[in-house]
Structures are given as C-alpha cells and as structure tokens.
1. Which order do the peptides 89-95, 105-111 come out in when sorted by mean C-beta neighbours inside 10 angstrom, highest first?
2. Check which residues have an amide H placed less than 5 Å from Val72's amide H, if you skip close sequence neighbours.
3. Describe numerically, in nm with one decimal, the distance between label points set 7 Å from Cα along Cα→Cβ at Ala55 and at Leu128.
4. Tell me which residues come under 5 Å, amide H to amide H, from Glu43 once H is placed; ignore anything under 5 positions away on its chain.
Amino acid sequence: MNPTRLRRPLAALVLGGTAAFLGAVTSAHAFSNPPIQVAQGIEYMCGGTAKDEAAFMEMVSPRWAATIDFGVSDGKGAGVPGFPAKALIEVRQKYTGQVVMDVQSQGPYMLARLNPGAYDVNVTLGGLTLTQSLVVIAGMPARASFVWPSNFDMASVAPSLPQALAQTSTAR
C-alpha cells in the first residue's frame, strides 16, 4: 500500500474539518461588541438590544463597577423582554449632589466604571424619572434595575418604525 495515497485524503479531512470549525465559531460571534465610550471621564458601554448583545453584556457585567439595566413590567411581576427606547441617565454623588455622569442609553443595559462611592441614579424616559441609590464598592460589581410600570406608554418614547428596523438590522 502506498502511504502517500493515504496522507492526502487524511490531510484534506483535517483541513476541511478545521475550516468548518472556524466557520462555525466565527458565525456564532457575528455581532460586534458595543463600543466603550467616555462621558465626563467615565468609561461606559450601552447595548443589549439584540439577544446576542444582551448575553454579552450580562457576561461582562461582573468586570464593570456598575450595571444599570432597564425594563418594563408586564403588570404581573415579570419583565417584558427588550427595551426599545433611549433613556437619559444621570449619576450624582449621593452626599454632594454633584453630577458625575450624564448620558443617554443605547439599549437596555449600561455598564460603567464608576469610582467607589455612593450615588443616586436618575433615569428619565418620556417625562417619568425613576431614582435609585447605587453603592459601588471596589472589586464588587453593583447593580441598579429600573422597571417602568406596565401602563407606561412605551409607544410614545420608542423610535419610529424605520429607525427601529435600522437598529435591529445593525444589531445583528
């Protein structure tokens, strides 16, 4: 038996399997990570509109000092998936009232590298402002979840249909 005849099909099988594996891995990670931005000297990242992006944001959130997430109640104690609107976020030092960060969210999650301290976080959407305290301790991720009531008119603050379709297609 000729050993050269055996090596060629074996090499083709190995190379073909490797290409198929790499193709599967790259297609599983087809979305791009949300960009890290800076506001008032604080790094932050917003996103999570698409399912893959939301899973990414949840996965990396323990590496960030603060996670702020947004949702809408379904009226029965559970949340409605997705958050179609952009909310205004203002982070103030709790005891001085100094504004530390003032940004607009780009999805249902915002991760921020806040310094350790006590903060009041105000999130405004459609004229309704919700406020929560947030205490950031070095090395321990903090989280604040904002949930609008089920009777809140999300249609009035959601982007128009063509803009919403454009965001959905770019998020994939």
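Read-outs: derived from the displayed coordinates by stated rules, not from any lab. Please read these numbers as outputs of a predicted model, since none were measured by experiment. With ideal geometry, Cβ positions are generated from the backbone for all residues, glycine too; neighbour counts draw on all protein chains shown.
1. By packing density, highest mean first, the sequence is 105-111, 89-95.
2. Val80, Trp148
3. That separation, rounded to one decimal, is 3.1 nm.
4. For Glu43, whose amide H was placed from the backbone, the distant partners under 5 Å are Arg113.
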